[in-house]
Amino acid sequence: MRLMLIGNPNTGKTTIFNHLTGGHRHIGNFAGVTVEYAIGYYGTIEIIDLPGIYSLEPYSKDEAVAVEFLKKHPPDGIINCIDVSNLRRNLGLTLALTQLQIPMIIAAGMLEEQQEWDAEKLEALLGLPVFPAHRKNRWVPAVMIRTILGEIKAHRLPPLFEETTMAARFSRIDQMIPPISKNQAREKSEKIDRFLLHPLWGTLFFIALMTAAFILIFQYLAPYFSTPLLRGIEGFMKMAEALPQPAIRAAIMGLISGVGSVISFLPAILLLFLFLAFLEDCGYMARICYLAENIMAVFGLTGRSIVPLLIGFGCTVPAALSARGIPAENQRKRTLRLLPFISCSAKLPVFGVLSTLLSPQKSLLIIPLLYLAGIGIGLIGSLFSIKGHPPFLMELPPYRMPRFSDLAHRGFARTSDFLKKIFTALLLTSVMIALLQHFTPSFHWTELSDNSILAHLAKGISPLFEPIHLGDWRLICALAAGLFAKESTLSTLAVLSADLSVFHPGNLLPFLAFFLFYPPCIATLLTMKKESTSSLFPLSVAITHLLIAYTAAFLCGI
Amino acid sequence: MKLTDLNVGEKGKILQVPLPRLQELGLIIGTPFQIISRGPFGNPIEISFYENYLLIDRKTAMEIEVSPCG
């Protein structure tokens, strides 16, 4: 038995899904796109949460895949989730769904915001069972399941509305329901928007909010959680170093450093996901897009790109994940492409140490210049890639107070989905690099890093780096370590050249330039592979950045 | 007359819809609407119709044929 939750976006489908299934779910991917569907169980009944759609002949590719899935695997029953505070638009899909002639019930959310409608009135209007699924009031999953099972057992099919186009459906709906007056929530939202959507005050508020959230998350909250965790990791590392068998020792040290690199950005990711979920649920996300649309359009991006770009200053991994909300594929990819140009927080320590080395007095000036150079080159790049600007259409939902349980649910679910997908690859590469670091080419354990396979590899490719003054194998090793996590560049340098005497005036600036532009870390590339659903995409990102970094370092070395 | 020709606060009726997406969202011929606000530099345009509030970029809005009323 299979039931499907179908409805417009933002109708509380996922909340209903979580309530029905107890939140246990696994994620399915549609081939070729980033949209996902969730599968959960109520007893033995399979429940599928389909992504939000507006019609059965959708215009966006992501929605088209969802509709195709629905038509290929028709469920035994449909739970059509509607938002009664936006009844007219929601009924457009309801009328279309009746043509599938599958037993169906209506799960009506936001009924409490409406004076004009109640479940009985809606039942009389549609000829379908209507189940009130209030946000605030508790409803019983068993009763909803019994209602839809009743329809399926009785082979009751929904009344057929025969209109074949959305335009015809909406003109039918306009005859069925009286014109809707603005409700209170709407009027309040309009008042708030007079300030928050004001070109000047609204923009200032946005900048202030983002700066505050950013400082709070990356300066205070995330380190608060990750520092003790990382200290624990260090303890494990010490224990691993005492292991007798060299191969096992190296592998376990690699595993631990892999776990460590995940843990270093895990709290930040979780907090950012919670913050994003809050922005989405309270309705402010749509306002951000409104404010940013103009400036972003210049670079072939959309208002929604602003969120990933800002998160990119913290960590590129969650930034790439948050690009998912961008509906047009070319704008999503353009946003992803721009992200590595935004220096993540892990690059900052390297900038700090090396700019002080470059010029102790002017280091505070050099760091912002590095950031600007990165963004500048990235934006110039996106100017060249603009081909057509897809129409920007977006609904402005009313402001609502989000429920913490919804936010926590989504924040944790997104974080764990993400971890599942990148963890294995990240651990494997960490183990591999540890083995390369600790073994000589004749497979003997070495503590001296200049004897290791890694050092030999670095020395092997060093002629390639001579023209940009980075031929010293220690620099190459430090840069290679940065491919696994940018913060390891500094620690590797500290191991290989404790007094940083590897640097001299001739190679300092080329190194900074190369470090600024060279490919993002493996975790980012893996995330990009997942978000673009193509292996070629991260590969082309890596190659582009290698070329830019090489050129920049070369120019700085002249 | 195009959607972009109306000022903030003015009301109108839709005469012609250029994109299927707009129809999916419930904007059809004859739908009464009001201009609520315009973003920085007049883009995007926020309109309300029935209980919907919709943002439309200026380029798309220039293709929407409307007649003013009220």
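Coordinate-derived values only; no laboratory data. All values reported here derive from a predicted model rather than from experimental measurement. Ideal geometry is used to build each Cβ from the backbone, glycine not excepted, and the neighbour counts take in all protein chains shown.
Odds and ends about this structure:
- Ranked by how many other beta carbons lie within 10 Å on average, peptides A:51-59, A:501-509 from highest: A:51-59, A:501-509
- From the largest down, chain B spans 27, 26, 24 angstrom on the principal axes of its Cα atoms.
- Chain A shape via C-alpha gyration tensor axes, a/c threshold 1.5: prolate
- Taking Cα centre as origin and charging only the Cβ of basic (Lys, Arg, +1) and acidic (Asp, Glu, -1) residues, the dipole magnitude of the protein assembly as shown rounds to 260 debye.
- Computed about the Cα centre, the dipole magnitude for segment B:3-69 is approximately 60 debye when only Lys and Arg (+1) and Asp and Glu (-1) carry charge, each at its Cβ.
- Taking every lysine pair in segment A:326-476 that is 8 or more places apart or spans two chains, those with Cα atoms closer than 27 Å amount to 8.
- Cα centroid separation, segment A:111-149 to segment A:76-104 (Å): 13 Å
- Charge dipole of the protein assembly as shown about the Cα centre (unit charges at C-beta), most positive-ward option of A:ASN330, B:LEU25, B:GLY9: A:ASN330
- Around A:ALA498: net Lys/Arg minus Asp/Glu count, Cβ-Cβ under 14 Å: -1
- Residue-averaged beta-carbon neighbours from other chains (10 angstrom radius) around B:35-48: 5
- Taking the DSSP bridge list for segment A:40-131 and keeping only pairs wholly inside it, about 25 percent are antiparallel.
- Per residue of A:390-403, other chain Cβ atoms within 10 Å of the residue Cβ number 4 on average.
- Qualifying trypsin sites (Lys or Arg not before Pro) in segment A:1-109, where qualification requires a DSSP coil assignment and no more than 14 other C-beta atoms within 10 Å, are lacking entirely.
- Segment A:387-538 has equivalent-ellipsoid semi-axes of 40, 21, 16 Å, by the square roots of 5 times the alpha carbon gyration tensor eigenvalues, sorted largest first.
- Residue mean of other protein chain beta carbons inside 10 Å, A:89-97: 2
- Value at 222 nm in deg cm²/dmol, rounded to 500, when DSSP H runs of n ≥ 4 in chain A each add -39,500 (n - 2.57): -19500 deg cm²/dmol
- Whether segment A:1-114 is rounded, prolate or oblate, judged on the alpha carbon gyration tensor where a/c under 1.5 counts as rounded: rounded
- Among A:PHE170, A:ALA38, A:TYR54 the positive-end extreme of the charge dipole of segment A:2-181 (Cβ point charges): A:ALA38
- Cleavage-rule hits, GluC sites (Glu not before Pro), segment A:89-123, DSSP coil, Cβ neighbours within 10 Å at most 15: A:GLU116
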